[in-house]
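Just below is one structure, and these are the notes that go with it.
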Amino acid sequence: MRLPSLALAASIVMASGLTGSGSARAADGECDAFEVYTPKHGSMSTLVRLALPEGRGAELRKFSNELNAIGYSRSQNLLYGVSTRSHVVTLDRGGTAVDRGKVRGIGDATAGAISGSTLFLRDGLKLVSLDINPASPTYLQITRTKWLSWLAHVDDWDFGSDALLYGVTSVGMVVSVDPLTGKVRVVAKPSGLPVGTYGAVLMAPGRILYAIVNRSHGKSRLYRIPLNAPKNTVEVAAFAPADTTDAVTA
């Protein structure tokens, strides 16, 4: 199914307001990523190519629907995300979007990450596994649902090399989530992280976790969290505030 409301609303442009306000130079933590952000709930989402660790951003496309819970499939070279009314959307690296239709069983998914052919979503207290293998008979169907072991307000997560999901809670704690059991464990409590909604989280080389708090003192703020030394957490960039953000390495 294709939704006319997902037609691209802008051509490729450079973002004028997405340049990071700081810098962090290190071999570990260098990567390219995609971010989607929505200034206000119900408004257009924007896809951004993000260079880390500097936090430089280049705007790719705008969409008339809100996008969230994105993950990147390396085998398909596509982003998968959840749009308004629980529709699954794929995006290529240039931002061209295809609406794949409504998926039954998804309510308000806020976190997403892909491992193999599964998109792992946080939907309230549930950890939902969505099949994204186009050759599978259960393509875009939920294949497993687990309850999180406790209500961790994690609005995005990404996989570490240990096959666990990592995110930041609304009180600034780094947690891991076992994607098979839903078990949540506290990993670190960096002192430099403010209270807020961490809507965009991604894992970079060297076990460097990047996290964007949607709104803090009038800005969205990007933090670099070395999981091997969380006391060295620093803010590396600041952007315009947003109601929702999400990110993934690619």
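Could you bin all the Cα-Cα distances of segment 114-188 into 5 Å bins starting at 0 and give me the percent of pairs in each, rounded to whole numbers?
All Cα pairs, binned at 5 Å, distribute as 3, 17, 28, 23, 15, 8, 4, 1, 0 percent.
From Cα pairs below 8 angstrom and at least 6 apart in sequence, can you work out the relative contact order of the chain, rounded to a whole percent?
Relative contact order of the chain: 19 percent.
Write down, largest first, the equivalent ellipsoid semi-axes of segment 81-153 in whole Å, where each equals the square root of 5 times an eigenvalue of the alpha-carbon gyration tensor.
In descending order, the three semi-axes are 21, 14, 11 Å.
Evaluate segment 22-97: find the radius of gyration of its Cα atoms, find its Kirkwood radius, and give the ratio Rg to Rh.
1.01
Can you tell me how much longer the chain between VAL234 and LEU151 gets when fully stretched, taken as 0.36 nm per residue apart minus their C-alpha distance, in nm with one decimal?
Answer, rounded to one decimal: 27.2 nm.
Of the heavy-atom accessible surface of the chain (probe 1.4 angstrom), what whole percent is carbon and sulfur?
Carbon and sulfur together cover 53 percent of it.
Of the listed pairs LYS62/LYS219; LYS62/LYS102; LYS189/LYS219; LYS62/LYS189; LYS102/LYS231, which have alpha-carbon separations greater than 32 Å here?
Beyond 32 Å between Cα atoms: LYS62/LYS189; LYS102/LYS231.
Mind giving me the nanometre distance, one decimal, between the label points for ASP178 and GLN141, set 7 Å out from Cα along Cα→Cβ?
2.7 nm
Given the C-alpha atoms of the chain, compute the convex hull and give its volume per residue in Å³.
Considering the Cα atoms of the chain, their hull volume per residue is 110 Å³.
With a probe of 1.4 Å, find how much accessible area segment 186-242 has per residue, and write the answer as a whole number in Å².
39 Å²
Please compute the modelled spin-label separation between ASP92 and VAL171, points set 7 Å along Cα→Cβ, answer in nm with one decimal.
Simple spin-label model gives 4.6 nm for this pair.
Starting from the Kirkwood Rh over alpha-carbon pairs, what translational D in µm² s⁻¹ does segment 150-250 have by Stokes-Einstein at 10 °C and 1.306 mPa s?
For the chosen part, D equals 120 µm²/s.
Once you have the Cα-Cα distance between GLN76 and ALA51, take 0.36 nm times their residue separation minus that, and quote the gain in nm to one decimal.
6.8 nm
Quantify how much of the Cα-Cα distance distribution of segment 57-101 extends past 16 Å, in percent.
Counting every Cα pair in segment 57-101, those more than 16 Å apart make up 31 percent.
For labels at SER64 and SER43 in the simple 7 Å Cα→Cβ model, what's the distance in nm?
So the label points at SER64 and SER43 sit 1.8 nm apart.
The values are calculated or read from the model by the stated rules, or taken from the named source; none is laboratory data. Remember, predicted model here, so these are calculated numbers, not experimental data. Don't worry about glycine lacking a Cβ; one is built from the backbone with ideal geometry, like all the others, and counts go over all protein chains shown. Just so you know, the surface numbers come from the protein's heavy atoms only, side chains and all, with ligands and any DNA or RNA stripped out. Shrake-Rupley method; radii C 1.70, N 1.55, O 1.52, S 1.80 Å.
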